[in-house]
Amino acid sequence: MVEELEGIYEVFPLPTDQMTLLSIFGDCFEEWEHIHIGTLIQGAVWEIRPPMKPHIGVMDGYATVDFEDWHMHVCVGEHTGASPELAKIRRTSRAELYRTLTNDVPTAWGLRLFNGVDQQQITFFLPHSFLTDDQQVSKEPDWERLGLWDSLRQKYLRYGPDPVDRSLERYIHG
């Protein structure tokens, strides 16, 4: 577990090779209607709801996630368009699934990527059992919304569903 200024995170490290990261992107964007993407840093949170399933391509180590009206780039592989030192900084060096804990109960689930100097590249805010796709609070949990979390844990970590993920009794804003 990692204690950060914004809470306690339980972190599950993931491989950072290009094939794995592209596979994870594909899995997450398969659920494009239910996720938000952005960054989560001190002083700023960007939670962008994808408008559609994107086309994902790779060029010179950069994954391009194209939503037609806008796109983004994340360096997930070998980048040769810069000096070796700069290429090492740009590339994802840490990837992790995480869940935020409040009083030992998970209150948020996500995926984060960090570059070679530990700056956050992107966060995937995974579906929440007490939030709708429009980020409205539900009175009752919808545990099926944790399906993407469960499938990512199973596919990339070989962990089965964890009952603790279904222990939240009400929405808690982090």
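The values are calculated or read from the model by the stated rules, or taken from the named source; none is laboratory data. It should be emphasised that the depicted structure is a prediction, and the values quoted were computed from it without experimental measurement. In this analysis, Cβ positions are derived from the backbone assuming ideal geometry, glycine residues included, and neighbour counts consider all displayed protein chains.
Here Glu96 passes the criteria (1) modelled with pLDDT under 95; (2) under 12 Å from the mean Cα position of the chain (by Cα) except the one numbered (1). Considering the range 19-38 alone, what residues qualify as being out of contact with any Lys or Arg (no Cβ under 9 Å at 6 or more places or on another chain) and part of a helix (DSSP H, G or I)? Of everything in the range 19-38, those that are out of contact with any Lys or Arg (no Cβ under 9 Å at 6 or more places or on another chain) and part of a helix (DSSP H, G or I) turn out to be Met19, Thr20, Leu21, Leu22, Phe25, Gly26, Cys28. Residues in the range 87-134 that are among the aliphatic types (A, V, I, L, M) and touching a Pro at 6+ places or on another chain (Cβ under 9 Å): 2 in all.
Test Tyr171 against the stated conditions and say whether it is among the hydroxyl-bearing types (Ser, Thr, Tyr) and at pLDDT below 95.
Working: among the hydroxyl-bearing types (Ser, Thr, Tyr): yes; at pLDDT below 95: yes.
Criteria met by Tyr171.
Of the conditions (1) assigned to a loop (DSSP other than H, G, I, E, B); (2) of a type outside the set (Asp, Glu); (3) free of Cβ contacts under 8 Å to residues at least 60 places away in the same chain; (4) crowded, with 19+ Cβ neighbours inside 10 Å, Leu146 satisfies every one except a single condition; which number is it? Single failed check for Leu146: (1).
Might you let me know whether the range 39-48 holds any residue that is assigned to a strand (DSSP E or B), hydroxyl-bearing (Ser, Thr, Tyr) and out of contact with any helix residue (DSSP H, G or I) (no Cβ under 6 Å at 6 or more places or on another chain)? No - not one qualifying residue is present in the range 39-48.
A residue that is part of a loop (DSSP other than H, G, I, E, B), in contact (Cβ under 8 Å) with a residue 12 or more places away in the chain and over 30 Å from Cys75 (Cβ atoms) occurs nowhere in the range 111-128.
Against the condition closer than 22 Å to Asp27 by Cβ, of a type outside the set (Ser, Thr, Tyr), buried (at least 20 other Cβ atoms within 10 Å of the Cβ) and modelled with pLDDT of 95 or more, how does Leu157 come out, does it pass? Walk me through it before giving the result.
On the way: closer than 22 Å to Asp27 by Cβ: yes; of a type outside the set (Ser, Thr, Tyr): yes; buried (at least 20 other Cβ atoms within 10 Å of the Cβ): no; modelled with pLDDT of 95 or more: yes.
In short, no.
Restricting attention to the range 59-98, the residues being in a loop (DSSP other than H, G, I, E, B) and either at positive phi or of a type in the set (Asp, Glu) (or both) number 5.
Test of understanding: among Ile41, Ile56, Ile35, which residue is under 29 Å from Pro163 (Cβ atoms), touching a strand residue (DSSP E or B) at 6+ places or on another chain (Cβ under 9 Å) and either of a type in the set (Val, Ile, Thr) or at pLDDT 95 or above (or both)? So that I can check it myself, show each step before the final result.
Values: Ile41 fails: under 29 Å from Pro163 (Cβ atoms); Ile56 fails: under 29 Å from Pro163 (Cβ atoms).
Answer to the check: Ile35.
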